[in-house]
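Q: Attaching a single structure in structure tokens format; questions to follow.
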């Protein structure tokens, strides 16, 4: 009897130990909604790759204080309705602690009501400031891409410094393009520029020569295009075909190799503001981001045998901002939100983040450099 009692005690102690161990290693469930297919796939694919790589690396190191991270990635197919449905699935069915995404402004905006209603932290990788503004209406929403007004000011300052005062503005007819148009409309006069012609095109358009012909006939000294591939590449090829000689300025929306591959030789000479990832090797060693940028590039190349893009960098930032918050807050949505809002001096791929109750992006113009494409390569200006 004593033997049986001792065995029973041992079994109970072992079970208690196992249960305690299970509690210590309970998964942290997070979700991501990305534009992996559809017109914005050149953004979503490197974001998906980056998140898959990072969660594997994190779990191999033991997770977050012993808790493995379970990441569910859903494809919204670059569709706003599907983004909304994906967010509902993650938040209401899977009960994730936070949502990362989306890749574009429109799909990100489509998820905001869901995360706000359910009080779930969301970190977007898209550009438009209205994703996080006004902050009082976006309490649970953060983002990692530079605000469009930062990009617009960087472009306007570059043009003003070059003495190019009359500007044509072309934009993609979606939320990203609308945000850029609004931002550049404010930035241009502030830097002494005049927008002499404005044209728009659809994300699915295959030819923009009609719009560019009107630009060519205008007094514009330079052309600004606010778009992403593939349409950004089509505009560029049309621009060269029409033998337009004015400087062609684009945005951080072309910050991946897909743009160069699609535009080919027409890409040479294009100037645009972007995060520092594309030109990491050209940065001075004193740059506080350089070591982080080079490590990400090395890891991504080793895993995927491909070059990382600025969009993958936005995903890197979103993931590690969330990891940092989880380390501080544990599996509590409200505390995660508070930790994100109090992020200070976080050195990321896109820039150095300093968030606050008034700023859920946390970047300034130091997060941007001017880049020129020469011989199919990114060159720091």
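Q: Looking at (1) more than 22 Å from residue 380 (Cβ to Cβ); (2) outside any loop (DSSP other than H, G, I, E, B), which is the one condition that is false for residue 253?
A: Residue 253 satisfies all of (1) more than 22 Å from residue 380 (Cβ to Cβ); (2) outside any loop (DSSP other than H, G, I, E, B) except (1).
Q: Does any residue in the stretch 224-245 that is over 18 Å from residue 198 (Cβ atoms) come within less than 6 Å, Cβ to Cβ, of a residue that is modelled with pLDDT under 95 six or more places away or on a different chain, and which pairs are these?
A: Once the first residue is over 18 Å from residue 198 (Cβ atoms) and sits in the stretch 224-245, its partners that are modelled with pLDDT under 95 give 228/253; 229/42; 229/258.
Q: Right, another one. Of the conditions (1) at positive phi; (2) in contact with a helix residue (DSSP H, G or I) (Cβ under 7 Å, 6 or more places away or on another chain), residue 84 satisfies every one except a single condition; which number is it?
A: Result: residue 84 passes all but (1).
Q: Looking at 293, 278 in this structure, which one is in a helix (DSSP H, G or I) and out of contact with any strand residue (DSSP E or B) (no Cβ under 9 Å at 6 or more places or on another chain)? So that I can check it myself, show each step before the final result.
A: Numbers: 278 fails: out of contact with any strand residue (DSSP E or B) (no Cβ under 9 Å at 6 or more places or on another chain).
293 is the lone residue from the list that is in a helix (DSSP H, G or I) and out of contact with any strand residue (DSSP E or B) (no Cβ under 9 Å at 6 or more places or on another chain).
Q: Which of the numbered conditions does residue 376 fail, given that it passes all the others? Conditions: (1) over 26 Å from residue 130 (Cα atoms); (2) buried (at least 23 other Cβ atoms within 10 Å of the Cβ).
A: (2)
Q: Let me ask you something else. Any residue that is part of a strand (DSSP E or B) and at pLDDT 95 or above - is there at least one of those in the stretch 147-161?
A: Within the stretch 147-161, not a single residue is part of a strand (DSSP E or B) and at pLDDT 95 or above.
Q: Has the stretch 114-137 got at least one residue that is over 28 Å from residue 352 (Cβ atoms), crowded, with 19+ Cβ neighbours inside 10 Å and assigned by TED's automatic domain parsing to the domain that holds residue 76?
A: Yes, the conditions are met somewhere in the stretch 114-137.
Q: Can you find a residue that is in contact with a helix residue (DSSP H, G or I) (Cβ under 6 Å, 6 or more places away or on another chain), closer than 15 Å to residue 39 by Cα and buried (at least 24 other Cβ atoms within 10 Å of the Cβ) anywhere in the stretch 203-223?
A: No - not one qualifying residue is present in the stretch 203-223.
Q: So, in the stretch 50-81, how many residues would count as being touching a residue at least 60 places away in the same chain (Cβ under 8 Å), out of contact with any helix residue (DSSP H, G or I) (no Cβ under 7 Å at 6 or more places or on another chain) and surrounded by fewer than 17 Cβ atoms within 10 Å (Cβ to Cβ)?
A: Number of matching residues: 1.
Q: Here's something else I'd like to know. Can you pull out the residues in the stretch 241-257 that are farther than 16 Å from residue 103 by Cα and buried (at least 17 other Cβ atoms within 10 Å of the Cβ)? Steps first, answer last, please.
A: Keep residues of the stretch 241-257 that are farther than 16 Å from residue 103 by Cα, which gives 241-250, 257.
Answer for the stretch 241-257, where residues must be farther than 16 Å from residue 103 by Cα and buried (at least 17 other Cβ atoms within 10 Å of the Cβ): 244, 246, 247, 248, 249, 250, 257.
Q: What is the residue count in the stretch 288-321 for residues that are surrounded by fewer than 14 Cβ atoms within 10 Å (Cβ to Cβ) and either without any contact (Cβ under 8 Å) to a residue 24 or more places away in the chain or within 13 Å of the chain's Cα centre (by Cα) (or both)?
A: 6
The values are calculated or read from the model by the stated rules, or taken from the named source; none is laboratory data. Everything quoted here is computed from the prediction, not taken from an experiment. Every residue, glycine as well, gets a Cβ built from its backbone with ideal geometry; the counts of neighbours run over all protein chains shown.
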